[in-house]
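Note sheet for the following structure.
The values are calculated or read from the model by the stated rules, or taken from the named source; none is laboratory data. All of these numbers come straight from a predicted model, not from anything done at the bench. Cβ placement follows ideal geometry from the backbone for every residue including glycine, while neighbour counts extend to all protein chains displayed. Surface areas here come from the heavy atoms of the whole protein model, side chains and all, with no ligands, DNA or RNA. Shrake-Rupley method; radii C 1.70, N 1.55, O 1.52, S 1.80 Å.
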Amino acid sequence: MDAQLIARMETWIDAHFDEMLGTLEEVVRVPSVSRYDEPPAPYGSACLRALEYMRDKARSFGFDARSIDDRCLEIGDGAAGASIALWCHLDVVPAGEGWTYTEPFEPVRVGDYLIGRGASDNKGPAVACLYVLRMLKELGVTTRHALKLCLGTDEEKRMSDVEFYARTQPASALNIVADSGFPVCYAEKGIIEANLVSRAALSCIRELKAGIASNIVPDKAEMAIALPKDAALPDCGALGERAQLTLDGTLARIRATGIPAHSAHPQSGVNAIHELTGAALKSGLPDEEAARAVRFFDRVNDDCLGTALGIAYRDEMSGDTTCAGTMAGLTNDGRAYLHVNIRYSVSADAEKMLQSIAEACVENGCILADARINAANFFPPDAPVVDTLTKVFNELSGQDAKPYVMSGGTYARKLPNALGFGMGGLKKPETDLFQPGHGGAHQADEALYLPNLKKAMAILAAGVIEADETI
Ligand SMILES: [Zn+2]
């Protein structure tokens, strides 16, 4: 590494960091949850506004910026072929509830943190990448490959943005996705999303609602059960600490609470749906048919390994397959469903897993519906660029980190020649600013630790410069 260049970059970043934060705060103010039901297509007005804001910002720095069907924004040299592309996303998961420092889309700085939905996932990195490109340009750094930044707006839902891009645009020689942790994420587990739906309408379950997104383990779940005639009401205390039963006319209403978590790490939360199904079974109120479905849903969430669906599996490279029932509800015709979000080990066979899940459904009076497979990503870990990027990170951070595999899903899985590099994974001091279940990506009080963002910008820039020489 060129120590002088690193020093010049650090000086530039220091001088522009506040300006960059100002840009970031503006972007966090846009509530860009991707929506297919709101005009304009494809993802609604807020996502479009986020793209346009970044487009104008990029142009004000003297970059070309072009919209790819209002799904993605491509900033920088549009030249086909030999380019290195950085990737981030501007859409966010829904705000959720329980924010304690601010409204989700009104960012505030608390100590060294910026708090707001999307601050760390993934708007902070997105804005930082734009400033990295600007820095390289202003410092006169030349590269063999054209550099560009691609920003999408449907990452958190279907990744139809990057799918469209990959279908219609020339492939870059290297895609660096800045939506994981340093040093290098060379593989991502596969993802299956599916609904387990009761075959029959469950007449005694009048309401069922839980979950706000496939990839969030919910912190709230609720069910209303029609009281059977002369029903003995269960002792509320017996339903467990996290469930409450109240009477609502002829309905018994059970509300359960949990601790939210990213579905890639369901073990780190408490699934409110599991609390709810457990309490409903203990109450003895569901009739036989309903109890069968509820029991099945309960068993699916008993462990986070998919044991009840016959898909428990692990491999050396990527560890356990995980499975979380993250949303539940009633269909229009009164059938109950549990939506599952599964992160499967890189070497698992997705089609076979679907077969096991379908069989488990049939055995429990349910059917498998709306299954979607999002295939795993794999970048050869022995490719020289993996080593290059890892060394850059370790040298500049003083850490001794190794390339790794993760359970989260990023754009990398939809792009050729793609790996994750940054911008998380830098050590940070302990803080008591956030309650359990707060402060992380997809959680309330989502927070970005600013000193690390600053460091990450230099590391990312150095990584790009070195990768340019290596590939
Ligand atoms: Zn993300």
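Entry note: region 170-325 has Rg to Rh equal to 1.09, where both radii use alpha-carbon atoms and Rh is the Kirkwood radius.
Which whole-number percent is the relative contact order of the chain (Cα, under 8 Å, 6+ apart)?
Once divided by the residue count of the chain, the mean separation gives 22 percent.
Our summary gives region 178-330 a relative contact order of 26 percent, counting only alpha carbon pairs under 8 angstrom and 6 or more residues apart.
Pairs of C-alpha atoms in region 237-333 farther apart than 24 Å represent 27 percent of all such pairs.
Surface composition of the chain: carbon and sulfur make up 49 percent of the accessible area, probe 1.4 Å. Tally Lys and Arg at +1 and Asp and Glu at -1 over the other residues with C-beta under 14 Å from the C-beta of Val33: what net charge comes out? Within the 14 Å Cβ shell, the charges total -2.
With the cut-off at 1.5 for a/c, could you classify region 409-459 from its C-alpha gyration tensor as rounded, prolate or oblate? Working shown, then result.
Values: a/c = 3.38, a/b = 1.54, b/c = 2.19.
It comes out oblate by the Cα gyration axes.
Local charge sum around Leu281 (other residues, Cβ-Cβ under 9 Å, Lys/Arg +1, Asp/Glu -1)? Result for the local shell: +1.
Rounded to whole Å, the principal axis extents of the Cα atoms in the chain read 81, 44, 44, largest first.
Percent relative contact order of region 112-251, based on C-alpha pairs within less than 8 angstrom and at least six residues apart?
Working: 62 pairs, mean separation 17.9, N = 140.
Rounded, it is 13 percent for region 112-251.
For region 357-471, the number of Lys pairs with C-alpha atoms closer than 14 Å, counting only pairs eight or more positions apart or on separate chains, is 5. Take the Cβ atoms of Thr143 and Lys352, set R0 to 41 Å, and the FRET efficiency comes out at 0.40.
Take the Cα of Arg167, step 7 Å toward its Cβ, do the same at Glu106, and the gap between the two points is 4.1 nm. Based on the reciprocal of the average 1/r between different C-alpha atoms, the Kirkwood radius for region 311-470 equals 19.1 Å.
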